[in-house]
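The values are calculated or read from the model by the stated rules, or taken from the named source; none is laboratory data. Small disclaimer: the values here were computed from a predicted structure and weren't measured. Using ideal geometry, Cβ is built from the backbone for each residue, glycine included, and neighbour counts are taken over all protein chains shown.
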Amino acid sequence: MITGFNTDIRHNDKVYHIQTEDKGLQNPYIESLVYVGGEILASKKTSYAEQMKDGIDEKWIGGLMEQQHRTMIAAIKRGRFDAPADQTKSTPLPRPGAPTILAPTPEPGATSSGSTPIPDEKTLDQVIIDYLASEAESEHLELSLLTQTDFFAGSPVELRVATKRSLSQNPIAAASIEVKVISTVEPPRVVYRGKTAADGTATVRCTIPPFRDGTAAVIISAQSTIGNDEVKQLVKKKK
């Protein structure tokens, strides 16, 4: 089972906690939960049972987790969850392998008897679909790894990264690149800072700190005038 993601986001004087985790190969789906004040506001599940038939690895599952986690964070920042979804509406069951978005559970004492749905009110899955559509139409930074590299505790690493515009795919020069190592036993540590060249690429050379206990991850982030992006990788221990 892969280490999950936990993020706190403050939006409109509320703190949203997003938790994304992999349920494991015996129960193959990714689940994201959004909490406000200790109560679950929304839940999103994505099954990868069908993809298992073709063979998948931890990197593929980790990428799916990261994409779903970032989608939920961005949706909160853009106010997609400011108005609660109509809890009296139901949605059809998705096809196998398709993402499933569950409406929030009604609060105790709430009743839907005699209520008339507002025509413009959207269910939670419609909100997510609208967000994805708007995200696809807006120009933003995309960060990608040009070399697939394993990160081992206590070892040097070299990799190339690239930053591009999402729509035109033009390279982004002078984007700020940062590599940070986070762990369950030590404070976060920045091991690299630099900028992309004219072709939008950068060569990252750094050393991953040694860890005897706990787990660690590498966060590679990029920042520019049109937005930010990041990639996460788990740190492995030498055998």
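Filter region 189-217 down to residues that are touching a residue at least 24 places away in the same chain (Cβ under 8 Å), outside any loop (DSSP other than H, G, I, E, B) and within 19 Å of L141 (Cβ to Cβ), then give me how many there are.
4
Give region 144-188 a look and list any residue that's acidic (D, E) and not in a strand (DSSP E or B), or say none.
Passing the criteria: D150, E186.
For (1) of a type in the set (A, V, I, L, M); (2) in contact with a Lys or Arg (Cβ under 8 Å, 6 or more places away or on another chain); (3) closer than 22 Å to G63 by Cα; (4) not assigned by TED's automatic domain parsing to the domain that holds E66, each residue gets a yes or a no:
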{"position": "L145", "(1), (2), (3), (4)": "yes, yes, yes, yes"}
{"position": "F151", "(1), (2), (3), (4)": "no, yes, yes, yes"}
{"position": "G154", "(1), (2), (3), (4)": "no, yes, no, yes"}
{"position": "A162", "(1), (2), (3), (4)": "yes, no, yes, yes"}
{"position": "P171", "(1), (2), (3), (4)": "no, yes, no, yes"}
{"position": "T184", "(1), (2), (3), (4)": "no, no, yes, yes"}
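If S32 satisfies all but one of (1) under 13 Å from the mean Cα position of the chain (by Cα); (2) over 26 Å from I220 (Cα atoms), what's the number of the condition it fails?
If we test S32 against (1) under 13 Å from the mean Cα position of the chain (by Cα); (2) over 26 Å from I220 (Cα atoms), just (2) comes out false.
Hey, among the residues in region 54-85 that are in a loop (DSSP other than H, G, I, E, B) and touching a helix residue (DSSP H, G or I) at 6+ places or on another chain (Cβ under 8 Å), which one's farthest from V218 (Cα to Cα)?
Taking the candidates together, the pick is A85.
Within region 146-163, is there a residue that is modelled with pLDDT of 95 or more, touching a Phe, Trp or Tyr at 6+ places or on another chain (Cβ under 6 Å) and not β-branched (V, I, T)?
Taking every residue of region 146-163 in turn, none turns out to be modelled with pLDDT of 95 or more, touching a Phe, Trp or Tyr at 6+ places or on another chain (Cβ under 6 Å) and not β-branched (V, I, T).
Name the residue that is surrounded by the fewest Cβ atoms within 10 Å (Cβ to Cβ), counting only residues in region 175-186 that are under 13 Å from G227 (Cα atoms) and among the hydrophobic types (A, V, I, L, M, F, W, C).
Once the filter is applied, the top-ranked residue is I177.
Suppose we keep only residues that are more than 23 Å from R70 (Cβ to Cβ) and modelled with pLDDT of 90 or more within region 209-227. Which one would you say is surrounded by the most Cβ atoms within 10 Å (Cβ to Cβ)?
P209
Residue under question is T203, and the condition is that it be more than 22 Å from the chain's Cα centre (by Cα), buried (at least 17 other Cβ atoms within 10 Å of the Cβ) and under 17 Å from T147 (Cα atoms); does it hold?
It is false that T203 is more than 22 Å from the chain's Cα centre (by Cα), buried (at least 17 other Cβ atoms within 10 Å of the Cβ) and under 17 Å from T147 (Cα atoms).
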